[in-house]
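J.: Handing you this structure, nothing more for now.
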Amino acid sequence: MNTQKFRKIASDGLLTNNPTFRLVLGTCPTLALTTSAFNGVGMGLAVTFILICSNVLISLLRKVIPNSVRIPAFVLIIATFVTIVRMVMEKFIPDLYSSLGVFLPLIVVNCIILGRAESFASKNDVLSSALDGLFTGLGFTVALTLMGTVREILGSGSFFGLALWDFKIAFFTSQAGAFFVYGIFIALFNAVYSYFERKQHRKTFLAEFDVLPASEKVKEG
Amino acid sequence: MGTFMMIVISAVFVSNFVVVQFLGICPFLGVSKTTSGALGMGVAVTLVMTVTCLITYPIYVYILTPLELEYMEIIVFIFVIAALVQMIEKVIKKFSPPLYNAMGIYLPLITTNCAVLGVAETVIDTSLMMDQLGITSVNLGTAVLYGFFAGVGFTVAIVLLSGLREKVDFLDTPKSLKGFPVTMVTACFMAMGFYVFNLIG
């Protein structure tokens with residue numbers, strides 16, 4: 001595992017292929033559970049844990065599972081981890097368990113997890129798969145936390161359950177607010193991303209024809 | 001009759017699966033580009049949801065509960081749904097090739113549709129069902145009816161959104177709003193409309 005590969009996996013999961021804002025996967029829990037920042041973090045960490053475990057196990061078994069039955073095998077592995085997380089959470093964090101509700105068993109059909117299993121873990125070694133699971137999961141967690149924070153501050157005037165002021169806009173905690181905030185977040189993320197992409201393109205283009213201003217030239221070596 | 005109307009109103013409008021409960025958002029956003037595609041997906045999902053309720057509810061009540069294997073529900077349900085979708089695909093292909101051509105491509109997508117697993121999990125959650133429907137007991141009949149009308153609710157929502165999207169796509173929106181963001185904002189207005197049904201009763 002060299003630094004370059006590590007950096008690629010990290011930036012893929014958090015930015016370039018951010019599951020929530022770039023790929024728009026796993027939308028159901030994103031919309032339903034971001035009414036408060038705490039729910040967002042809880043869901044994000046549950047998905048991250050399951051993603052790391054399933055990625056590691058699938059990567060270990062990638063030479064054993066026959067190609068024709070790989071999808072049922074992946075689903076079985078994911079469903080097992082979801083069942084474990086559900087039982088542990090019911091026993092130790094009952095508050096979070098009841099606020100996640102039906103979306104906890106629905107992690108089984110979360111397309112992020114099956115997507116990473118199919119496109120990454122079934123082709124790469126254990127360490128990269130674990131890191132990929134970690135960073136994709138963190139990308140999801142960060143996105144849910146950001147949306148949850150915005151909706152909680154505007155909709156219920158609090159931050160992680162801590163009351164800030166009495167000013168509340170009920171729209172942001174309603175279903176319509178979820179769609180609205182998600183849409184605006186994707187648009188902002190797209191705008192920022194394409195700004196940096198254009199900047200990068202300009203740099204490579206100018207460097208290619210050797211007309212880059214001296215101040216922007218990359219030092220060689 | 002009262003219970004029947006309650007299930008219809010509740011499953012289709014008041015607690016619509018897509019815009020109120022946020023189940024099945026992926027096909028809602030992914031397959032709503034054209035009205036005909038949306039209708040095909042809606043019909044296929046309704047069919048699978050009805051049959052799923054018909055099979056998973058008895059499995060849970062008559063097999064898993066007496067054996068105290070409730071914790072196995074996720075694994076059992078996902079396999080039942082996957083097998084069911086395959087079976088429905090084969091049956092339709094055999095008996096009605098035109099129907100298969102119309103909705104065959106949507107069937108494989110349905111296995112990982114959270115609306116289907118969601119309806120299976122909802123009908124076995126007795127307290128949740130009673131909250132939504134205001135009835136005292138759940139049986140196989142109510143479970144199957146709920147599954148069917150939840151599918152109808154999904155179809156209504158996805159067809160409405162596809163109609164709006166066919167217009168919105170021609171609008172001159174800012175570049176970063178194109179695609180998913182503007183669809184989300186469109187869905188936001190739909191959700192406001194559905195919110196009004198909460199005032200019924």
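J.: Assuming A:Asp210 fulfils every condition listed in (1) more than 18 Å from the chain's Cα centre (by Cα); (2) part of a helix (DSSP H, G or I); (3) at pLDDT below 90 apart from one, which condition is it?
T.: Evaluating A:Asp210 over (1) more than 18 Å from the chain's Cα centre (by Cα); (2) part of a helix (DSSP H, G or I); (3) at pLDDT below 90 leaves (2) as the failure.
J.: Among the residues of the range B:158-185, which ones are within 9 Å of chain A (Cβ to nearest Cβ) and either more than 20 Å from the chain's Cα centre (by Cα) or surrounded by fewer than 16 Cβ atoms within 10 Å (Cβ to Cβ) (or both)?
T.: If the condition is that a residue be within 9 Å of chain A (Cβ to nearest Cβ) and either more than 20 Å from the chain's Cα centre (by Cα) or surrounded by fewer than 16 Cβ atoms within 10 Å (Cβ to Cβ) (or both), then B:Pro174, B:Lys175, B:Ser176, B:Leu177, B:Lys178, B:Gly179, B:Phe180, B:Pro181, B:Val182, B:Val185 are the ones that fit.
J.: Across the range B:97-136, what is the number of residues that are within 9 Å of chain A (Cβ to nearest Cβ) and of a type outside the set (A, V, I, L, M)?
T.: Within the range B:97-136, residues that are within 9 Å of chain A (Cβ to nearest Cβ) and of a type outside the set (A, V, I, L, M) number 8.
J.: Still on this structure: Take the conditions crowded, with 24+ Cβ neighbours inside 10 Å and either farther than 27 Å from B:Val185 by Cβ or at pLDDT 85 or above (or both) and apply them to B:Ile25. Does it pass?
T.: yes
The values are calculated or read from the model by the stated rules, or taken from the named source; none is laboratory data. Predicted model only: the values in this text are computed from it and were never measured. Virtual Cβ from ideal backbone geometry, glycine too; neighbours counted across all protein chains shown.
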